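This report concerns only the one structure given below.
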Amino acid sequence: MTRVLLWRHGNTDWNAEQRVQGQLDVPVNDRGRAQAQAAAVMLARSGASRMITSDLSRCTMTAAPLAELTGLTPERDARLRERHFGSWQGLTTPEVRERFPDSYARWRAADPDPGDGVESLPDLGKRVSETIRQAAERAPGATTVLVSHGGAIKYGVAALLGWPEEMLPTVAPVQNCHWVDLILQSSYGWRLSAYNVGV
């Protein structure tokens, strides 16, 4: 059985401020570091043989405690970055609503391509699901940890598993430092074993 664990980064100050991070490089805060330490203890029990992380610092900082516990050297892959939020990046949610009312309304209505430079959900799902597949191909029969971002994980998993578009708004986002457990078996293909797991 091949297993891939998708681990969201720890809390950042921008998370607390409801500020759109997207692909801007925002570090984890003290709370995020504590979350990563606690989660790493649990994830170390998975017996992972490889760890791949988004190249943004909130993910590399989250990966560090698990690397210390396991001796794994995290590889960096920019395809695991968060959804690019175009003109919204760096703004708070109220600011986005005020400055970009049309694209914000489309986003709230679950439009997969709301405009103003926001990466489309099909494009996001494709790049992340391809990264998941390739990670599994590189470590058949083993466990790989991918350290990524909330939107990237949700929509990458959705694309991988073929979830219909209308289902996606009903799926909760992955919380800070929680993870998704995917398994790949020859008789069944990809299966979701657990979602939004954490301490």
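Taking label positions 7 Å along the Cα-Cβ direction at both residue 57 and residue 130, the computed distance is 2.9 nm, reported to one decimal. Annotation: peptides 73-82, 168-177, 142-151, ranked by per-residue average of other Cβ atoms within 10 Å with the highest first, follow the order 142-151, 73-82, 168-177. Solvent-accessible surface of the chain, averaged per residue with a 1.4 angstrom probe and all protein chains in place: 46 square angstrom. As a test, work out the antiparallel percent of DSSP beta bridges whose residues both lie in the chain, rounded to the nearest 5. About 55 percent, rounded to the nearest 5.
Kindly provide the pair-distance distribution of region 118-186 built from C-alpha pairs, with 10 Å bins from 0 and whole-percent values in order of increasing distance. Bins of 10 Å from zero give 18, 54, 25, 2 percent of pairs. Ignoring ligands, DNA and RNA, please state the percent of accessible area on the chain from carbon and sulfur, probe 1.4 Å. Ligands and nucleic acids excluded, carbon and sulfur give 48 percent. For the peptides 110-118, 58-66, the ranking by mean Cβ contacts within 10 Å, running from highest to lowest, is 58-66, 110-118. Helix content alone sets the calculated 222 nm mean residue ellipticity of the chain: runs of n ≥ 4 DSSP H residues at -39500 (n - 2.57) each, divided across all residues, give -12000 deg cm²/dmol. As a length-normalised measure over Cα pairs under 8 Å and 6 or more apart, the relative contact order of the chain settles at 32 percent.
The label point for residue 168 and the one for residue 31, both projected 7 Å from the Cα toward the Cβ, are 2.7 nm apart. The simple spin-label model puts a point 7 Å past each Cα toward its Cβ; for residue 97 and residue 175 those points are separated by 2.4 nm.
The values are calculated or read from the model by the stated rules, or taken from the named source; none is laboratory data. Everything numeric here is computed off the predicted structure, so don't read it as measured data. Because the Cβ atoms are built from the backbone with ideal geometry, glycine has one as well, and the counts that use them run over all protein chains shown. To get the accessible areas, we keep the full protein, side chains included, count just its heavy atoms, and leave off ligands, DNA and RNA. Shrake-Rupley method; radii C 1.70, N 1.55, O 1.52, S 1.80 Å.
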